[in-house]
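What follows is a single structure, written as structure tokens, with notes after it.
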Amino acid sequence: MNAHEAARAYTEHSIENAPPVKITRLLYEGALRFVDRALLCDPADPRSQYAHWVGRADAIVVELRCALDHDVGGAASRDLERLYLWCEDCCARATNERDAKHLHEARKVLATLLDGWRQIELQSNAGSRAS
């Protein structure tokens with residue numbers, strides 16, 4: 001096994017065994033990374049990777065929305081669903097209109113949600129260390 005394969009195996013193992021809150025945080029970070037990559041592209045240039053990166057970010061938001069459990073999450077879950085749907089709409093408009101302003105709007109929401117999940121993760125980690 002070469003170093004690249006070993007690193008990939010370690011990463012896969014780390015993700016497969018990660019607590020749900022960490023996986024959620026990683027998904028938000030990935031969505032934001034893809035939004036940022038799209039923002040570096042020229043949306044008006046059909047040869048740019050703009051639509052590709054918007055699509056990757058949108059796919060993560062769709063997965064986050066589909067993973068919601070309204071029976072467990074209640075009102076918070078329904079609120080998150082509305083935010084995810086809004087971000088999905090921003091991604092669709094950003095792609096269809098080839099206008100990055102919609103991505104900036106979605107990015108603000110995703111960054112705010114990421115901050116919240118980071119706080120939850122910190123509290124979760126502090127609670128598990130105290131036990």
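The values are calculated or read from the model by the stated rules, or taken from the named source; none is laboratory data. Just so we're clear, the structure is a prediction, and the values are computed from it rather than from any experiment. Heads up, the Cβs are rebuilt from the backbone with ideal geometry, glycines too, and the neighbour counts pull from every protein chain shown.
Show me the helices (runs of 4 or more DSSP H) found entirely inside segment 1-94 where at least 2 residues are touching a residue at least 40 places away in the same chain (Cβ under 8 Å).
20-39, 50-66
The residues of segment 40-69 that are closer than 18 Å to residue 86 by Cβ and more than 13 Å from the chain's Cα centre (by Cα) amount to a single one, 68. Residue count for segment 106-123 under the criterion of being more than 12 Å from residue 29 (Cα to Cα) and under 14 Å from the mean Cα position of the chain (by Cα): the result is 4.
Within segment 108-131, identify whether any single residue is assigned to a helix (DSSP H, G or I), loosely packed, with under 14 Cβ neighbours inside 10 Å and of a type in the set (Ser, Thr, Tyr), and answer yes or no. The answer is yes, given that some residue of segment 108-131 is assigned to a helix (DSSP H, G or I), loosely packed, with under 14 Cβ neighbours inside 10 Å and of a type in the set (Ser, Thr, Tyr).
Taking the numbered list (1) touching a residue at least 24 places away in the same chain (Cβ under 8 Å); (2) under 20 Å from residue 26 (Cα atoms) in turn, residue 100 passes all entries but (2). Close contacts from segment 107-123, counting a first residue that is of a type in the set (Lys, Arg) and a second that is surrounded by 12 or more Cβ atoms within 10 Å (Cβ to Cβ) and part of a helix (DSSP H, G or I), with Cβ to Cβ under 7 Å and a gap of 6+ residues or different chains, come to 107/32; 107/35; 118/25.
When 129, 65 are screened for being of a type in the set (Lys, Arg) and at pLDDT below 95, only 129 passes. Can you confirm whether residue 55 is surrounded by 12 or more Cβ atoms within 10 Å (Cβ to Cβ), closer than 25 Å to residue 21 by Cα and in contact with a Cys (Cβ under 9 Å, 6 or more places away or on another chain)? Criteria met by residue 55. Considering 3, 92, 75, the condition of being surrounded by 12 or more Cβ atoms within 10 Å (Cβ to Cβ) and small (Gly, Ala, Ser) is satisfied by 92 alone.
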